[in-house]
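Chemist: Structure provided below as structure tokens; questions to follow.
The numbers here are math on the coordinates, done by the rules we state, and not lab data. Every value quoted in this text rests on a predicted model; they were computed, and no experiment measured them. Virtual Cβ from ideal backbone geometry, glycine too; neighbours counted across all protein chains shown.
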Amino acid sequence: MSKLAKKLEEYGKSIKDKKVLHTVFDGFFTFLFAPKSVTSGQGVHIRDGMDLKRTMVHVVLALQFCLLFGMYNIGHQHYAAFGMYPGVFDAFFTKFFYGLFQLLPIIVVAHVVGLGIEFFFAAKKGHAIEEGFLVTGMLIPLIMPPAIPLWMVAVATAFAVILGKEAFGGTGMNILNIALLTRVFIFFAYPTDISGDVCWVSYDYNLLHDIFGLSTASAGFANVVDGFSGATPLALAAKGGWEAVVANFSVSDMFWGWIPGSVGEMSKPAVLLGAGMLIAMGVASWRIMLSMVLGAAFMGAILNAFATDPTSFIAVPFYYHFVMGSFFFAMAFMATDPVTASQTNTGKLIYGFMIGVIGIIVRVLNPAYPEGWMLAILFMNVFAPLIDHYIYQANIKRRLARNHG
Amino acid sequence: MDLLNIFVKWAFVENMVLAYFLGMCSYLAVSKTVKTAFGLGLAVIFVLAITAPVNYLIRQYVLVEGALSWIHPSLATVDLTFLQLIIFIAVIASMVQLVEMIIEKASPALYNSLGIFLPLITVNCSILGGSLFMVQKEYNLIESSVFGVGAGFGFFLAIIAIAAIREKIRYSHVPAPLRGLGIAFIITGLMGIAFMSFMGIKL
């Protein structure tokens with residue numbers, strides 16, 4: 001391995017003057033091997049192999065639980081829609097591979113488009129490639145409906161990466177979360193493909209059926225079974241309150257994630273495992289997560305206090321808001337994005353709390369949108385620099401008072 | 001509840017800057033630092049909150065057809081609505097003059113940093129737009145006061161948020177052609193997307 005690294009390094013030096021080729025080479029080289037250029041013993045610099053790429057890879061690793069579960073759940077929901085293999089673990093591999101073939105194209109498209117744009121801009125600027133897109137590229141497939149058309153993913157990713165990130169100067173400079181910007185673009189530009197009841201379950205045949213000849217075997221389930229709507233718990237709750245939800249899904253199904261919805265956000269244990277990993281490795285801020293839970297519970301409890309009609313959405317007990325929808329996914333992977341969140345510790349508490357409050361407001365009180373976290377996080381991303389600004393000012397004032405008081 | 005609805009609607013949902021793109025000139029020009037943006041935002045809240053109800057009263061008791069009948073019954077057929085724009089602008093101009101005098105007295109530093117944009121609030125389209133929306137939506141006196149405060153608050157939120165963002169991205173490597181106003185327009189568009197979270201909300 002080290003021999004290979006040495007050889008590659010020499011090759012890298014030989015192409016140093018070729019701008020595009022060298023940026024691409026450098027990008028892949030530092031991705032595969034830990035860079036040797038660390039600061040020496042003198043000086044006060046950080047002496048650690050933890051660079052941006054390693055941080056990103058930690059987040060991608062933490063996302064794998066959601067990804068694997070999401071793949072399986074796509075298959076499970078697909079067969080459930082046709083009334084086949086009703087048990088959760090029936091036909092395990094068929095379901096898994098169905099999900100894999102459904103999800104893999106989305107992952108590939110998101111990465112090819114996003115990384116392609118990133119490579120292009122890095123080469124134009126003559127910079128090293130910044131791997132900020134690795135996490136975004138993994139998050140984008142996880143927040144899409146499983147049957148999203150691929151060209152939409154491509155267009156939205158291009159929009160988010162160019163206008164949301166490269167226009168601001170690349171990785172670490174963006175003000176809005178890129179993955180959420182991708183989703184919000186599709187949400188407002190092609191609303192029928194990402195909201196409503198139809199899009200959350202994949203009904204199509206895909207590659208799997210062609211390869212293994214399953215399309216003939218599945219001729220029997222050409223029709224969706226009666227009573228299967230594909231509506232998510234949140235859509236049901238908006239119509240008929242908590243009773244309508246439990247009539248269709250049990251709480252344990254919602255907790256474990258056997259419900260239709262966006263790919264990666266369904267399974268709470270998988271998300272919480274990833275969140276725990278991020279906190280343990282010090283990548284994500286526990287302050288944001290904790291305050292976001294408090295904010296959502298606080299707002300949910302207030303709405304409960306105002307509820308009069310038990311079948312309304314307002315009356316859904318606040319602790320059940322956590323098992324429906326994508327609260328934990330947004331909390332663990334979206335709100336904690338270190339670039340777009342508040343930078344100060346106090347700011348993080350305020351930021352997370354406000355996301356919790358606004359998310360519940362949008363989810364419950366806004367009939368136009370079924371889920372609130374995407375928009376709540378974008379909204380608070382806009383205000384994060386402002387929160388920071390006032391906390392800096394308060395710090396400056398306090399120190400001045402302390403030193404000159 | 002209706003009043004709260006009007007406030008939320010004009011502060012967040014139908015934000016003057018981010019939904020109607022009114023008042024862009026001062027919004028883009030004075031949003032380089034949070035401090036001046038804060039001052040201008042407060043001035044806009046003040047002016048909007050005063051002009052909307054004042055213009056309502058003037059319209060109701062002077063301008064609309066039959067409004068002058070309280071002076072003499074023979075004036076019941078007089079319709080002065082064609083003077084509406086001029087009168088509104090005159091009221092706004094005098095209010096801005098008042099604000100200018102207050103700020104000059106209270107905070108000369110802010111007065112200097114706002115510079116020409118303070119008197120230019122007079123022709124800030126979000127202020128005149130505020131009065132015209134008030135007419136269009138047929139608000140009564142209390143509603144138009146709440147509307148004025150709400151719309152002003154929306155402008156205030158938008159301008160201090162973009163000012164903080166612009167302070168933050170001062171150290172970003174924004175591509176040269178986009179520096180300055182270009183990136184400010186892109187930020188405004190992205191903020192518009194984020195503010196759409198409240199679209200359709202009804203309390």
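Chemist: Please say if the range A:328-395 is rounded, prolate or oblate, where rounded means a/c under 1.5 for a ≥ b ≥ c the square roots of the C-alpha gyration tensor eigenvalues, and otherwise the choice is prolate for a/b larger than b/c and oblate otherwise?
Modeler: Prolate is the answer for the range A:328-395, as a/c is 1.5 or above and a/b outweighs b/c.
Chemist: Can you give me the C-alpha center-to-center distance between the range B:139-177 and the range A:117-135, rounded to a whole angstrom?
Modeler: Cα centroid to Cα centroid, the span is 32 Å.
Chemist: Okay, next question. Across the range A:99-109, in residue order, what do the Karplus-derived ³J(HN,Hα) couplings come to in whole Hz, using 6.51 cos²θ - 1.76 cosθ + 1.60 with θ = phi - 60° and x for Gly and Pro?
Modeler: So the Karplus estimates, Gly and Pro as x, are x, 4, 6, 6, 8, 4, x, 5, 4, 4, 4 Hz.
Chemist: How much of the pair distance distribution for the range B:83-125 lies past 15 Å, counting alpha-carbon pairs only, in percent?
Modeler: Considering the range B:83-125, 43 percent of its Cα-Cα pairs are separated by more than 15 Å.
Chemist: What FRET efficiency would be calculated for the residue pair A:F28, A:Y190, taking the C-beta separation as r and a Förster radius of 41 Å, to the nearest 0.05?
Modeler: For A:F28 and A:Y190, the calculated efficiency is 0.75.
Chemist: May I ask for the angle, rounded to the nearest 10°, between helix B:141-168 and the longest principal axis of chain B, with both axes built from Cα atoms and the value confined to 0 to 90°?
Modeler: Orientation of helix B:141-168: about 10 degrees from the principal axis.
Chemist: Grab the DSSP H runs of chain B that are 4 residues or longer, score each as -39,500 (n - 2.57), total them, divide by all residues and round the 222 nm result to the nearest 500 deg cm²/dmol.
Modeler: -20000 deg cm²/dmol
Chemist: Classify the protein assembly as shown as rounded, prolate or oblate, taking a ≥ b ≥ c as the square roots of the eigenvalues of its Cα gyration tensor: rounded when a/c is under 1.5, otherwise prolate if a/b is larger than b/c and oblate if not.
Modeler: Note, shape of the protein assembly as shown comes out oblate.
Chemist: Over the range B:62-132, what is the relative contact order in percent, taking alpha-carbon pairs closer than 8 angstrom and at least six residues apart? Mind showing how you got there, number by number?
Modeler: Numbers: 52 pairs, mean separation 17.2, N = 71.
Once normalised by length, the contact order is 24 percent.
Chemist: Note down the nm distance, to one decimal, between modelled labels 7 Å out along Cα→Cβ at A:A91 and at A:Q393.
Modeler: It is 6.2 nm.
Chemist: Filter the GluC sites (Glu not before Pro) in the range B:126-203 to those in DSSP coil with at most 12 other Cβ atoms within 10 Å of their Cβ, and list the result.
Modeler: Those that pass, being in a loop and sparsely packed, are B:E138.
Chemist: Using unit Cβ charges (K, R positive; D, E negative) and no other charged atoms, how large, in debye to the nearest 20, is the dipole of the protein assembly as shown about its Cα centre?
Modeler: Charge dipole of the protein assembly as shown: 2320 debye, to the nearest 20.
Chemist: Short version: ³J(HN,Hα) in whole Hz for each residue of the range A:246-251, in order, from phi by Karplus 6.51 cos²θ - 1.76 cosθ + 1.60 (θ = phi - 60°), x for Gly and Pro, what are they?
Modeler: Those phi angles translate into 5, 5, 9, 10, 7, 4 Hz.
Chemist: I've got another one for you. Could you tell me the calculated FRET efficiency between A:F120 and B:K35, based on Cβ-Cβ distance and R0 = 41 angstrom, to the nearest 0.05?
Modeler: Once rounded, the FRET efficiency stands at 0.60.
Chemist: Holding the Cα-Cα limit at 24 Å, pick out from A:K348/B:K168; A:K7/A:K53; B:K35/B:K168; A:K6/A:K165; A:K6/A:K124 the pairs that are longer than that. If you can, show how the numbers build up before the last one.
Modeler: Values: A:K348/B:K168 16 Å; A:K7/A:K53 22 Å; B:K35/B:K168 14 Å; A:K6/A:K165 34 Å; A:K6/A:K124 27 Å.
Table pairs above 24 Å Cα-Cα are A:K6/A:K165; A:K6/A:K124.
Chemist: A follow-up question, please. At 7 Å along Cα-to-Cβ for each site, give me the label-to-label distance between A:M281 and B:C25 in nm.
Modeler: With each label point 7 Å from Cα toward Cβ, the separation is 5.3 nm.
Chemist: Length gain on complete extension for the stretch B:C125 to B:E65, per 0.36 nm per residue less the alpha carbon to alpha carbon distance?
Modeler: 19.0 nm
Chemist: Okay, next question. Positive end of the dipole of the protein assembly as shown, charges at C-beta (+1 Lys, Arg; -1 Asp, Glu), about the Cα centre: which of A:G300, B:L141, B:H173 has its Cα farthest in that direction?
Modeler: Farthest towards the positive pole: B:H173.
Chemist: If you take the beta carbon distance between A:Y319 and A:L104 as r and set R0 to 30 Å, what does 1/(1 + (r/R0)^6) give as a FRET efficiency, to the nearest 0.05? Don't skip to the end; give the middle numbers.
Modeler: Numbers: r = 36 Å, r/R0 = 1.21.
Calculated transfer efficiency: 0.25.
Chemist: Another question, then. Would you mind computing, in nm to one decimal, how far apart the modelled labels at A:E9 and A:S252 are, each placed 7 Å from Cα along Cα→Cβ?
Modeler: The answer from the label model is 5.6 nm.
Chemist: Can you tell me the 0 to 90 degree angle between the C-alpha axis of helix B:181-195 and the longest principal axis of chain B, rounded to 10?
Modeler: With both axes taken from Cα atoms, the answer is about 70 degrees.
Chemist: Convex hull over the alpha-carbon atoms of the range A:52-394: what's its volume per residue in Å³?
Modeler: Measuring per residue, one finds 131 Å³ for the Cα hull of the range A:52-394.
Chemist: Within 15 Å, Cβ to Cβ, of B:T33, how many net charges do the neighbouring residues add up to if Lys/Arg are +1 and Asp/Glu are -1? Before the final figure, lay out each step's value.
Modeler: Values: positive: B:K32, B:K35, B:R166, B:K168, B:R170; negative: A:D388, B:E167.
Taking every other residue near B:T33 into account, the sum is +3.
Chemist: Can you give the three extents of the C-alpha atoms in the range B:44-197 along their principal axes, from longest to shortest, in whole Å?
Modeler: 69, 39, 26 Å, listed from the longest principal axis down.
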